[in-house]
Amino acid sequence: MSTYARLADIDPRDSGPSTSAPVSKSKRYHPYFTPRELAFLSDKQRGKLSYNLEEKTKREACDLIELIGKRLGFPHRTIGTAQTLFHRFHLFYPIKGFAYWDVAHACLYVSTKVHDTLKKPRDIIIASYQVRFPEEAERARAKGGEMEINPKKLDADKLLLVAVERLVLETICFNFKVQTPHSYVIKVARALGASKELTKLAYKLAIDSHRTASPLEHPPHTIALASLYLAALLTAFPEHGGVSVLQETEWPATSSNGYESRNGRSSREELPRRTAREIGEELGQEGRWCRRFGASVFDLQDIAHRLLDLLASQPAQAIHSLSTSPQTPLTPTSPSQNQPSPIPHAAAPGTTTFTPAHLTRLKIFLREREAALGPPPERPQISQDDPSTDYAVGPGALAILSGNADKNAATEVWNDGREAPSVRFFFD
């Protein structure tokens, strides 16, 4: 029986000739999935869409979330959590059944509640219009006013946000305990004696990790380690394709283990500074750091490959300025059209970039290192059943998403009828 949903026994007091007694069932929150589960759920929700189209949709959604978050002044943790919520949402709901901007609005709204950076749904939707249709926003700004949005359209978007918000909350079982890798990057870098320049690059890579499925598979401290590992490889890898990499101060290593003082105790004052090559060599093989940080070199390799694929998908993007962070759209469409304009990328001037050839050689280097390490250990499956069946969209939600519902239909999102079962959500 699946651990995602277990049907509870009907109360004996409700048994009898009546068949209208609701069935109670439970759902338990699982923060992480195995690679096999992620692949299974993604394939199921992708349907007949191509893999490239799915990745393009997710990339545009992450771009939209980041641009809205920056416009509203949200911190990185709020933006990153919203991007992860978007990836989790589409493990249980098909991509073709939802407009990605509607899901992005709801995920960002839930993330503001998680991190106590609250904004009204109206503010998020208006910021989204300004990002998706910058020409209209600029024209209104030139006239000294605000962008004109049809009130009926705004009310419909707010209804959609509230409807999808409930579905997003169900996918996380109403668990608001969320951790991000940003603070762990600082702690891990300090423990391993990384320089300030290397730590900055690792921090930016950790920000970009939310644009991948890594936070659904690995805990934040592992992502922080992988970000530092990849930052060390990008900085110290000898074949950089003729592009200058970040300059790092050479610090003499005064300790053989790299993060302990001579008396065996960690000390911030006595902490030795190490080069990127030394850190990359240590994290690239099993060692004492695995027990200390509770991570595996195989996990670091997996996360590093995903980040490299993300960087390679945007070869002109500057890693030194948040890597794949989007810029202002260049060719917007009119708000009167059904589809918003795609959100392009543009490299920031005067920043350090890495060529596609450099990234490709680095991926080959990582594959060779993986071959030397041997096959990774098999991770136990959470369940042999299909967890996505517990998150099927009810008829009320379909009516709202198709635009065939009135303002009171939002209550139907989680009530499929008079005999709808009550659901209990559990998380640790």
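The values are calculated or read from the model by the stated rules, or taken from the named source; none is laboratory data. Everything quoted here is computed from the prediction, not taken from an experiment. Note: ideal-geometry Cβ built from the backbone for every residue, glycine included; neighbour counts use all protein chains shown. In case anyone asks, the SASA skips ligands and DNA or RNA and just uses the protein heavy atoms, side chains included. Shrake-Rupley method; radii C 1.70, N 1.55, O 1.52, S 1.80 Å.
For segment 55-107, what ratio Rg/Rh do Cα atoms give with a Kirkwood hydrodynamic radius?
Result for segment 55-107 is an Rg/Rh of 0.95.
Longer than 22 Å from Cα to Cα, which of Lys27/Lys177; Lys113/Lys196; Lys56/Lys96; Lys120/Lys153; Lys44/Lys70; Lys120/Lys152 are they? Say none if no pair is.
Result: Lys113/Lys196; Lys44/Lys70 exceed 22 Å.
Could you compute how fast segment 29-178 diffuses translationally, taking Rh as the Kirkwood radius over C-alpha pairs and applying Stokes-Einstein at 20 °C with viscosity 1.002 mPa s? Give it in µm² per second.
Answer from the Stokes-Einstein relation: 133 µm²/s.
Using each residue's phi in segment 293-302, evaluate 6.51 cos²θ - 1.76 cosθ + 1.60 at θ = phi - 60° and report the 3J(HN,Hα) Karplus result to the nearest Hz, with x for Gly and Pro.
Couplings: 9, x, 9, 10, 5, 5, 5, 5, 5, 4 Hz.
With +1 on the Cβ of every Lys and Arg and -1 on the Cβ of every Asp and Glu, and nothing else charged, how large is the dipole of segment 37-137 about its Cα centre, in debye rounded to the nearest 20?
160 debye
Using 0.36 nm times the number of residues separating Asp123 and Ser313, minus their current alpha carbon distance, what extension gain do you get?
65.3 nm
Which whole-Hz couplings ³J(HN,Hα) result when phi for each residue of segment 105-111 is put into the Karplus expression 6.51 cos²θ - 1.76 cosθ + 1.60, θ = phi - 60°, listed in order with x for Gly and Pro?
4, 5, 5, 5, 5, 5, 5
Tabulate in residue order the Karplus-calculated ³J(HN,Hα) for segment 281-289, using 6.51 cos²θ - 1.76 cosθ + 1.60 with θ = phi - 60°, rounded to whole Hz; enter x for Gly and Pro.
Result, ordered by residue: 5, 5, 6, x, 8, 4, x, 5, 5 Hz.
For the full complex of protein chains and a 1.4 angstrom probe, list His182, His76 by accessible area with the highest value first.
Sorted by accessible area, descending: His76, His182.
For segment 88-114 and segment 170-212, what is the separation of their Cα centres, given in Å?
Using only Cα atoms to place each centre, the spacing works out to 22 Å.
If DNA, RNA and ligands are ignored and the probe is 1.4 Å, what is the ranking of Tyr51, Tyr29, Tyr129 by accessible area, most exposed first?
Putting Tyr51, Tyr29, Tyr129 in descending order of accessible area: Tyr51, Tyr29, Tyr129.
Which whole-number percent is the relative contact order of segment 29-178 (Cα, under 8 Å, 6+ apart)?
27 percent
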